[in-house]
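*Asks:* What follows is a single structure, and I will ask about it in a moment.
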Amino acid sequence: MSEEGKYLNRESWKSRRKPKYIKEKKKGEFFVHESSIVDSDVTIGDGTKIWHFSHILSNTTIGNRCSFGQNCVVGGNVKVGSGVKVQNNVSIYDGVEIEDDVFLGPSMVFTNVINPRAFIQRKEEFKKTLLKKGCSIGANATIICGVTIGEYALIGSGAVVNRDVKPYALMVGVPARQIGWVGISGNTLKFIDGVATDSYDGKKYAIIGENLKEI
């Protein structure tokens, strides 16, 4: 509140506390909303947009053409590829690595310690979580640390993933279980004589061994 006992208006707030943010860099441009904070030693790629009330911590690398919604926290020491879309209310912690074209739905959750305690520091025990190219994580899903999500896998909303996920796998439930396969487009695949054709792009897939392969 102001000295007169009234709430600050928008312009007064801006002049009271000016957040750190950058709009340009040598090789191109990206956008950071003025309400968000970018710490030092951060690399952000061309065409990336970071929206309201977000915080990018030190030693974080973000690729080109990414989008971060409201209230996101990234890092420190996090690597995010290009073309990644992060919806509102997502925190990407130290230990998480995200490859290109990954989708993170609103309010999905990462962890980085298996057995957290408020009174014990376990920074040396952070487990690596890897999200491979093109996978999608649905709203409110939880990814337990130490797992790898395979290329183009689709994790349903609200699922809890506590083990590695195969490429193209469709996962739902608590704990998450595989109920099918999806194509690169994210469409569920239906097999006829051992072959599935994605209606979106005409790509064909077959199950070879225990894994889905594009043919």
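*Asks:* Any residue at all in the range 118-132 that's over 19 Å from F31 (Cα atoms) and hydroxyl-bearing (S, T, Y)?
*Replies:* Just the residues of the range 118-132 that are over 19 Å from F31 (Cα atoms), to begin with: 118-132.
In the following step, the residues that additionally are hydroxyl-bearing (S, T, Y) were identified as 129.
Yes, the range 118-132 has at least one match.
*Asks:* For the subset of the range 155-181 comprising residues that are assigned to a strand (DSSP E or B) and touching a Phe, Trp or Tyr at 6+ places or on another chain (Cβ under 8 Å), which member is farthest from E214 (Cα to Cα)? Steps first, please.
*Replies:* As a first pass, look at the range 155-181 and keep what is assigned to a strand (DSSP E or B): 155, 160-161, 165, 169-172, 177-181.
Those left that are additionally touching a Phe, Trp or Tyr at 6+ places or on another chain (Cβ under 8 Å): 169-170, 181.
Values: A169: 13, L170: 16, W181: 12 Å.
Of everything passing the filter in the range 155-181, L170 is farthest from E214 (Cα to Cα).
*Asks:* Do you know which of the residues in the range 104-131 that are assigned to a loop (DSSP other than H, G, I, E, B) and without any contact (Cβ under 8 Å) to a residue 12 or more places away in the chain is farthest from I92 (Cα to Cα)? Working first, answer last.
*Replies:* First pass over the range 104-131, keeping only residues assigned to a loop (DSSP other than H, G, I, E, B): 105-108, 111-116, 118-119, 121-122, 126-128.
From what is left, the residues that are without any contact (Cβ under 8 Å) to a residue 12 or more places away in the chain are 115-116, 118-119, 121-122.
Values: N115: 18, P116: 17, A118: 19, F119: 22, Q121: 19, R122: 17 Å.
So, considering only residues that are assigned to a loop (DSSP other than H, G, I, E, B) and without any contact (Cβ under 8 Å) to a residue 12 or more places away in the chain, the one farthest from I92 (Cα to Cα) is F119.
*Asks:* While we're looking at this one, here's another question. Restrict the check to the range 184-202 and report whether at least one residue is in contact with an Asp or Glu (Cβ under 9 Å, 6 or more places away or on another chain), of a type in the set (A, V, I, L, M, F, W, C), in a strand (DSSP E or B) and modelled with pLDDT of 95 or more.
*Replies:* Our first condition is that a residue be in contact with an Asp or Glu (Cβ under 9 Å, 6 or more places away or on another chain); within the range 184-202, this holds for 184-185, 187, 189.
Of the ones still in play, those that are also of a type in the set (A, V, I, L, M, F, W, C) are 184, 189.
Still in the list and also in a strand (DSSP E or B): none.
There is no residue in the range 184-202 that is in contact with an Asp or Glu (Cβ under 9 Å, 6 or more places away or on another chain), of a type in the set (A, V, I, L, M, F, W, C), in a strand (DSSP E or B) and modelled with pLDDT of 95 or more.
*Asks:* Tell me yes or no: at least one residue of the range 76-87 is closer than 25 Å to G186 by Cα, of a type outside the set (G, A, S) and part of a loop (DSSP other than H, G, I, E, B).
*Replies:* Here is the first cut: in the range 76-87, the ones closer than 25 Å to G186 by Cα are 79-87.
So of that shortlist, the ones also of a type outside the set (G, A, S) come out as 79-80, 84-87.
Restricting the remaining residues to those that are part of a loop (DSSP other than H, G, I, E, B) gives 84, 87.
The answer is yes, given that some residue of the range 76-87 is closer than 25 Å to G186 by Cα, of a type outside the set (G, A, S) and part of a loop (DSSP other than H, G, I, E, B).
*Asks:* Continuing with this model, one more query. Being in contact (Cβ under 8 Å) with a residue 40 or more places away in the chain, farther than 19 Å from V84 by Cβ and more than 23 Å from the chain's Cα centre (by Cα) is true for just one of L189, L212. Which residue is that? Walk me through it before giving the result.
*Replies:* Numbers: L189 fails: in contact (Cβ under 8 Å) with a residue 40 or more places away in the chain.
Residue meeting the stated conditions: L212.
*Asks:* Another one. Go through the range 89-104 and count every residue that is among the polar types (S, T, N, Q) and in contact with a strand residue (DSSP E or B) (Cβ under 9 Å, 6 or more places away or on another chain). Break it down into steps so the answer makes sense when it comes.
*Replies:* Going residue by residue through the range 89-104, those that are among the polar types (S, T, N, Q) are 89, 91.
Within this subset, residues satisfying the condition of being in contact with a strand residue (DSSP E or B) (Cβ under 9 Å, 6 or more places away or on another chain) are 91.
Residues meeting the conditions: 1.
*Asks:* Follow-up question, since we're still on this one. Which residue out of A153, A169, A139 is within 16 Å of V102 (Cβ to Cβ) and surrounded by fewer than 19 Cβ atoms within 10 Å (Cβ to Cβ)? Break it down stepwise before answering.
*Replies:* Numbers: A153 fails: surrounded by fewer than 19 Cβ atoms within 10 Å (Cβ to Cβ); A169 fails: surrounded by fewer than 19 Cβ atoms within 10 Å (Cβ to Cβ).
After applying the criteria, what remains is A139.
The values are calculated or read from the model by the stated rules, or taken from the named source; none is laboratory data. None of these values were measured; they are calculated from a predicted model. All Cβ positions, even for glycine, are placed from backbone atoms using ideal geometry, and neighbour counts span all protein chains on display.
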